[in-house]
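*Asks:* Pasting a structure here, questions to come.
Since every read-out is calculated from the coordinates, none of them should be taken as a lab result. Predicted, not measured: the structure shown is a model, and the values here were computed from it. Cβ atoms come from the backbone with ideal geometry, glycine included; neighbour counts cover every protein chain shown.
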Amino acid sequence: MKRSIKKTTIKKTAAKKNANTMWGGRFVTGPDALMARINASIDFDKRLYAQDIAASIAHARMLGKQRIIAAKDVTAIVNGLQKILQQIETGAFEFKTELEDIHLNVEKRLTDMIGPAGGRLHTGRSRNDQVATDFRLWVRDCIDATDRALQALQEALIAKAEAHAATVMPGFTHLQSAQPVTFGHHMLAYVEMIGRDRGRFMDARARVNESPLGAAALAGTSFPIDREATAKALGFARPLANSMDAVSARDFALEFLAACAICATHLSRLAEELVIWSSPQFAFVKLSDGFTTGSSIMPQKRNPDAAELIRAKTGRIAGALVGLLTVMKGLPLAYSKDMQEDKEPVFDAADSLSLSIHAMTGMMSSLKVNEARLRDAASAGFSTATDLADWLVREANLPFRDAHHVTGGLVKLAESKKCELADLSLKELQAADKRITKSVYGVLSVDKSVASRTSLGGTAPTRVRAAAKAARKTFLKG
Ligand code: ARG
């Protein structure tokens, strides 16, 4: 049975067609069916259609201006390309696998539409500089969209920070209650991370934004092209300086993926916190109906699927970076077909990240914070022990290490009595250190604790309000 299936497959793949009309001059037969399948990228690179057409229009106009092709041919080419753009956008364009990729699909259609003038478009360029140009334009657009999405997420987080600038909650280290903080402060930590993510994307953008067009196959061209003009027409800052580098560089895609992976990693940390916080055992927050799912068997369940999926998508985004690094490792200059494998990881990472950012924004905007529960949790676990130690240093002049020791003894006592530090009597406190006075109770409450953390970058509500205001100015202008 197995054998016969194999036979038919082989038989099918052996069928050869006529040679490719775009490059098949020296070929007698067309590619094997398997060759066509492994070679074709149209299924995924059709996403570059708008960039491909924009770059072709810029190239054609430049060729005309430089008198490399006739003005009437430029007009026919540009009109034809604009029609093709419309056809693609209305779904009237039929993409053909035998035409391999977006570049040949568009060019073949153009020639079918306008005749031999279409064949002049490819003067002084190659698919190697063409694909690098299209891809850089695509990544640049994607960076701009990502920046806008991240800004919207920051806005949602800042709004939560403002609403909860004084909402106390436990701050954790090692996922153990450490010191009380405010919910707003916690939100602003993510606003900062995302601010750096946006910075990384913008840094990458500066290096993406250089034009390979006109590098041709690898060596440049003998035609008197104007690379400055095409770079300018496409909004690039400048042409890439070296034609071999221009067609073989993919560090712009790697850098984009690295920025995606770091950003996704940040989102995964918030996602993880939402999973923990929304569990009934914690009950710090309630996720909205819109961003949770129920269980088909357990009616009480309210699952944080969106948060879990954001957490998980980090894996494929980081995988995309490692995948492309591996494709590029050890590749000799200049272009190799290996580089066709650059697009799918970039598209997938970009789609996954975009979905994650938007879902996180929706989740955070619709999140309800359980203030009472946060307050209870903030006071549990001797979270003001550091405040007690600091009081001993400040008011009783103890060296910090001694104060730490005295406080440790009092934590032990409260633990054995199953009460909080603030529930210990003055007598019990003074038994540990006679210099303790009743004014110590002033620092044992969580509100006093957070209010006292007024150092730069600290969690005091006054600081959080000022930080939220500053964040608005830094991140949301524009
Ligand atoms: N589809 C190709 C890619 O994505 C375009 C460049 C092809 N160049 C070539 N010399 N075959 O890389």
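*Asks:* Given the pairs LYS438/LYS469; LYS83/LYS329; LYS412/LYS448; LYS108/LYS343; LYS343/LYS473, which span a C-alpha to C-alpha distance of over 29 angstrom in this model?
*Replies:* LYS438/LYS469; LYS83/LYS329; LYS343/LYS473
*Asks:* Now, a different point. Please give me, ordered by residue number, the trypsin sites (Lys or Arg not before Pro) of region 327-400 that lie in loop per DSSP and have at most 12 other Cβ atoms within 10 Å.
*Replies:* Answer by residue number: LYS329.
*Asks:* Is the shape of region 74-126 best called rounded, prolate or oblate, per the rule: a/c under 1.5 gives rounded, else a/b larger than b/c gives prolate, else oblate, with a ≥ b ≥ c the square roots of the Cα gyration tensor eigenvalues?
*Replies:* oblate
*Asks:* In whole Hz and in residue order, list the ³J(HN,Hα) couplings for region 343-355 that follow from phi through the Karplus curve 6.51 cos²θ - 1.76 cosθ + 1.60, θ = phi - 60°; x for Gly and Pro.
*Replies:* Values, residue by residue: 7, 4, x, 5, 4, 5, 5, 5, 5, 5, 5, 4, 4 Hz.
*Asks:* How many times 2.2 N^0.38 Å is the alpha carbon radius of gyration of region 86-217?
*Replies:* The reported ratio for this selection is 1.74.
*Asks:* Go through region 397-478 and name the trypsin sites (Lys or Arg not before Pro) that are in a DSSP coil and have 10 or fewer other Cβ atoms within 10 Å of their Cβ.
*Replies:* LYS418, LYS434, LYS477
*Asks:* Further, regarding this structure: What's the extension gain from TRP23 to ASP251 if we count 0.36 nm per residue and subtract their Cα-Cα distance?
*Replies:* Full extension from TRP23 to ASP251 adds 79.2 nm.
*Asks:* A further question follows. How much mean residue ellipticity at 222 nm does the chain get from its helices, if each DSSP H run of length 4 or more adds -39500 (n - 2.57) and you divide by all residues, to the nearest 500 deg cm²/dmol?
*Replies:* That comes out to -20000 deg cm²/dmol.
*Asks:* Need one number: nm distance between label points at HIS404 and THR293, each 7 Å from Cα along Cα→Cβ, rounded to one decimal.
*Replies:* So the two model labels end up 4.7 nm from each other.
*Asks:* For labels at ALA219 and THR474 in the simple 7 Å Cα→Cβ model, what's the distance in nm?
*Replies:* Taking the two extended label points, one gets 5.2 nm.
*Asks:* Using R₀ = 22 Å, calculate the FRET efficiency as 1/(1 + (r/R₀)^6) where r is the Cβ-Cβ separation of GLU308 and ARG148; round to 0.05.
*Replies:* 0.30
*Asks:* Quick one: helix 400-416 against the long Cα principal axis of the chain, what's the angle to the nearest 10°, folded into 0 to 90?
*Replies:* Around 80 degrees separate the two axes.
*Asks:* Now, a different point. Select from region 254-324 those chymotrypsin sites (Phe, Trp or Tyr not before Pro) which occupy a DSSP coil region and have at most 16 other Cβ atoms within 10 Å, ordered by residue number.
*Replies:* PHE282
*Asks:* Give, in nm to one decimal, the length gained when the segment between ALA159 and GLN82 is fully stretched (0.36 nm per residue of separation minus the Cα-Cα distance).
*Replies:* 23.3 nm
*Asks:* Let me ask you something else. As an exercise, use a Förster radius of 22 Å and the Cβ-Cβ distance of LEU175 and LYS286 to find the FRET efficiency, rounded to the nearest 0.05.
*Replies:* 0.60
*Asks:* On to the next question. Give the span of the chain's Cα atoms along each principal axis, as three whole-Å numbers ordered largest to smallest.
*Replies:* So the three principal-axis extents are 100, 62, 41 Å.
*Asks:* Find out how many positive minus negative residues lie around ALA359, taking Lys and Arg as positive, Asp and Glu as negative, among other residues whose Cβ is under 13 Å from that of ALA359.
*Replies:* So the surrounding residues net to -1.
*Asks:* When the Karplus curve 6.51 cos²θ - 1.76 cosθ + 1.60 is applied with θ = phi - 60°, which whole-Hz ³J(HN,Hα) does each residue of region 133-148 get, with x for Gly and Pro?
*Replies:* For region 133-148, the Karplus curve yields 5, 4, 5, 5, 5, 5, 4, 4, 4, 5, 4, 5, 5, 5, 4, 5 Hz.
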